[in-house]
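Some notes on the structure that comes next.
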Amino acid sequence: MPNEHPLLHVSRHPLIAHKITVLSDERTDHKTFRELARELTTLLLYEATTDLTLDEWQYRTPLEETTGSKVNLRIGLVPILRAGLGMVDAAVDLLPKAEVWHLGMYRDEETHTPVAYYNKLPDQCPDDLILVLDPMLATGGSAADALTVVKHWGAKWIKFVGLIAAPQGIRLLEQTHPDVELFVAKVDRDLDENKFIRPGLGDAGDRLFGTTA
Ligand code: PRP
């Protein structure tokens with residue numbers, strides 16, 4: 001699927017292509033899966049943060065006074081539980097001052113529609129930029145609902161960062177949240193009759209947390 005959505009960024013970085021391939025290989029064990037999810041998140045966030053704004057910063061090196069730059073934005077991370085937790089460590093390593101707001105959502109196995117079960121967002125969104133994290137965009141239902149929640153919360157500038165997406169999920173976000181930029185490592189071929197991404201990587205939550213049924 002080419003970049004049809006004007007705000008869709010599918011990484012072209014060779015390291016991302018390599019790592020998402022190993023991540024999706026069925027032989028990859030849980031430990032390696034977690035490491036790769038972290039590394040992919042770092043690389044994707046590098047691509048998703050190229051337009052952060054900066055303030056000039058006066059400081060001293062060991063040798064002299066000089067001027068540098070500091071990010072002047074308050075950034076919030078919203079991982080969608082459970083699988084989004086697999087992206088949080090890398091994100092807070094890269095953005096150590098970011099606040100982490102958890103949203104719990106699972107996909108009903110019969111209806112394939114998202115069910116919200118945890119929301120600890122405070123009354124007002126305090127952040128200038130919200131990064132919603134979820135490794136998988138299948139039907140897009142979970143991401144679309146999460147984006148609606150953070151918009152009602154007051155978030156004005158939102159980006160979605162995921163590892164793997166189906167064309168159906170991208171189309172749903174294009175219809176429901178055309179203002180939200182999407183950053184993903186790969187767009188896969190399709191969804192199957194059970195709404196699993198194909199070829200896919202299986203269930204990211206299960207593979208991260210070792211709970212494969
Ligand atoms: C997976 C995934 C997304 C959602 C994607 O979560 O992490 O949140 O499904 O599907 P959708 O685009 O069709 O909504 P899951 O429901 O398996 O819960 P988990 O993260 O707890 O494993």
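Observations
- Residues in segment 129-145 that a label on ASP190 would reach, taking backbone N under 20 Å of a point 7 Å out along Cα→Cβ: 137-141
- Folded to 0 to 90 degrees: helix 141-153 orientation relative to the chain principal axis, Cα: 40 degrees
- Here the mean projected area of the convex hull built on the C-alpha positions of segment 2-209 is 13.0 nm².
- Protein heavy-atom surface of segment 2-209, 1.4 angstrom probe: 51% of the accessible area is carbon and sulfur, with nucleic acids and ligands not counted.
- Values of log10 I(q)/I(0), in the order q = 0.10, 0.13, 0.16, 0.23 Å⁻¹, for segment 1-96 under a Debye, Cα-only, solvent-free model: -0.40, -0.63, -0.85, -1.27
- Our note on the geometry: Cα centres of segment 126-183 and segment 1-49, 17 Å apart.
- Along principal axes, Cα extents of segment 104-213, largest first, whole Å: 38, 26, 24
- Loop-located GluC sites (Glu not before Pro) across segment 1-98 with a Cβ neighbour count of 10 or fewer within 10 Å are GLU26, GLU64, with loop assigned by DSSP.
- Whichever lysines have a C-alpha closer than 28 Å to that of LYS19, once near sequence neighbours (fewer than 8 apart) are set aside: LYS31, LYS97, LYS159, LYS186, LYS195
- Solvent-accessible area of ASP93 with every protein chain in place, 1.4 Å probe, in Å² to the nearest 10: 120 Å²
- Taking 0.36 nm per residue of sequence separation and removing the Cα-Cα distance, the LYS156/TYR106 pair yields an extension gain of 15.5 nm.
- Cα-only Debye scattering, segment 65-104: base-10 log of I(q)/I(0) at q = 0.34 Å⁻¹: -1.16
- Residue-normalised accessible area of segment 116-213, given per residue in Å² at a 1.4 Å probe: 44 Å²
- Cα-based Rg / Dmax (Å) for segment 27-82: 17.5, 53
The values are calculated or read from the model by the stated rules, or taken from the named source; none is laboratory data. From a predicted model like this one, the values you see are computed outputs, not experimental measurements. Positions of Cβ are generated from backbone atoms using ideal geometry, with glycine treated the same way; all protein chains shown enter the neighbour counts. The protein model used for the area step is the full one, side chains on, heavy atoms only, and it has no ligands, DNA or RNA in it. Shrake-Rupley method; radii C 1.70, N 1.55, O 1.52, S 1.80 Å.
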